[in-house]
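We did not get these values from a lab; they are worked out from the coordinates using the rules stated. Just so you know, these numbers come straight off a predicted model, no measurement behind them.
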Amino acid sequence: MEVARFWRTTGQRYRLIGEVCPNCGKRLFPPRDVCPVCAKEARAPFTFSGRGEVYSYSTVHVPPQGFEKFAPYTVALVRLAEGPLVTAQLTDVDEAEIYIGMPVEMVTRVLREDGERGMLVYGYKFRPARPVRDDASPSVTEPAHVPQPAESAPPEGEPAAAQPVMA
């Protein structure tokens, strides 16, 4: 990796710093000079929360050269809470526990060793989200799509109970 590019992209890799378009409000990751929505200049920095949910995933059993010691590993598309989709490796989770909609959080981990001397390259990965506190938002601590139990019909001849109306 080139030294100049390495230092220029540390904010993206360590803190999920992207941009927000001041014209249309679109949040962009990775940062771009031009907003893909309104084609205006988008240079206002924006730090993403690092929270999101698994949008899709796949397990890599035959990795590319240089990543053999990590195999098998799972790569996911993660929809960040602020909107953008990012591709990242999932960590600290067994493959059987992963599901679409699983809440995840960003962590910094070793991505690879660069060269024979082993310069460690760090970047973001995602792990299952841990509740930070008891009053955390349900969208952060629970799956996005929780199936609701089917309501059973009242026995024939009995009137249905009044249901409260939610506003």
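Brief remarks on what is shown
- Amide hydrogen neighbours beyond the local backbone of Met102, cut-off 5 Å, H modeled: Val54
- Note that region 46-55 has calculated 3J(HN,Hα) couplings of 9, 9, 6, 5, x, 9, x, 9, 5, 8 Hz, one per residue in order, obtained from phi through the Karplus relation 6.51 cos²θ - 1.76 cosθ + 1.60 (θ = phi - 60°); glycine and proline are x.
- For region 49-131, taking Cα atoms only, Rg and Dmax work out to 13.1, 40 Å respectively.
- In order through region 27-41: 3J(HN,Hα) via Karplus (6.51 cos²θ - 1.76 cosθ + 1.60), integer Hz, x for Gly, Pro: 8, 10, 8, x, x, 9, 7, 10, 5, x, 8, 10, 6, 9, 5
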